[in-house]
Amino acid sequence: MCMPEEAQLKERFDVVWEACTGAALRAGRAPHDVQLVAVSKTYGAEPVAAIARHWAACHGANCSGADCLGGSPLVFGESYIQEALEKQVTVAALLQGGNAAPAVQPQWHFIGHIQSRKAKELPGHFSLVHSVDSVKVAKGLQRGWEAQVAGKPAPLHAPAPQPQGVLLQVNIGREPQKSGVAPEEAEALCLAVMGFAGLRVEGLMCLPPASAEGEGARPYFRALAALREQIRQNTGLALPHLSMGMSGDFTVAIEEGATLVRVGSSIFGSRKK
């Protein structure tokens, strides 16, 4: 039987999951077109593992019932590199023991600000990096990807290592204190990042002004979606992802086209400092 804290954790996850599904259906989209990123930064490995086990039982490939989404992947989002790397190891170990362990480990996304000197530490540890905002950061990621490839010689006739998936962070509210490329400079950054063999641009990410939470964020989400369409037309890239929306506005973001929503406190509770 679950401890009360774990039961509440699972209940909150299900509420968010159902809200994502409802928002997608209202927008005429398939629920599996939207990926929930459970933002686990500053939370311990134990609640992350509890969510992973719950997801495997109730939402994963082996579940049954109307709430299942056909094995949609579970993703956790982290913002601090050292914390994330340590947590990944601990969560993997926790999920290896016991009959209730998921058959597949969760995916991990990096969603925080990237210091250019730390960027080389990311490739190989995250399936997607949401927050590339400069060529300098892209160069660091490229160096990390090259080091990873050099450190793991591929077997004869093996396919080439996959590039690191990245999103470009756009300062959609033009806030001077916030990271992100200016909207009018996003296409140029996209073209520059396309030149790095170890990186694959998969879309855009934004953080609207905090004062625009909820319905107030809709114009910013709409603007990011329009910017993606413009860059798509000019570059020919698919750019399948829009990472936008957090606990206070993720349903609005889904209605405006988000494919990735980053939800932390609505799942895990008050953030640990």
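Only the coordinates and a few stated rules stand behind these numbers; no lab work does. Note that the structure is predicted; figures quoted are calculated from it, not measured. Please note: Cβ atoms are built from the backbone with ideal geometry, for glycine as well, and neighbour counts cover all protein chains shown.
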Using DSSP to define loop residues, name the GluC sites (Glu not before Pro) in region 172-273 whose beta-carbon has at most 14 other beta-carbon atoms within 10 Å.
-> E213
In this structure, among K41/K139; K87/K178; K136/K178; K87/K139, pairs with alpha-carbon gaps over 20 Å are K41/K139; K87/K178; K87/K139
Return the whole-Å distance between the Cα centroid of region 121-144 and the Cα centroid of region 12-35.
-> 29
Amide proton proximity set for A182, modelled H, under 5 Å, gap of 5+ | N171
So what is the relative contact order of the chain, in percent, for Cα pairs below 8 Å that sit 6 or more residues apart?
-> 19
Rounded to the nearest 20 Debye, what is the dipole magnitude of the chain about its Cα centre when Lys and Arg each give +1 and Asp and Glu each give -1 at the C-beta?
-> 660
Pick the calculated Cα extents along the principal axes in Å for this structure from (1) 104, 57, 37; (2) 56, 47, 36; (3) 54, 51, 37?
-> (3)
Proximal aspartates and glutamates to K10, defined as alpha-carbon separation beneath 19 angstrom and excluding residues fewer than eight positions away on the same chain = E18, E46, D67
Most exposed first by the Cβ proxy, i.e. fewest other Cβ within 10 Å, how do K136, K178 rank?
-> K136, K178
Label-point separation, E184 to V15 (7 Å along Cα→Cβ), nm | 4.4
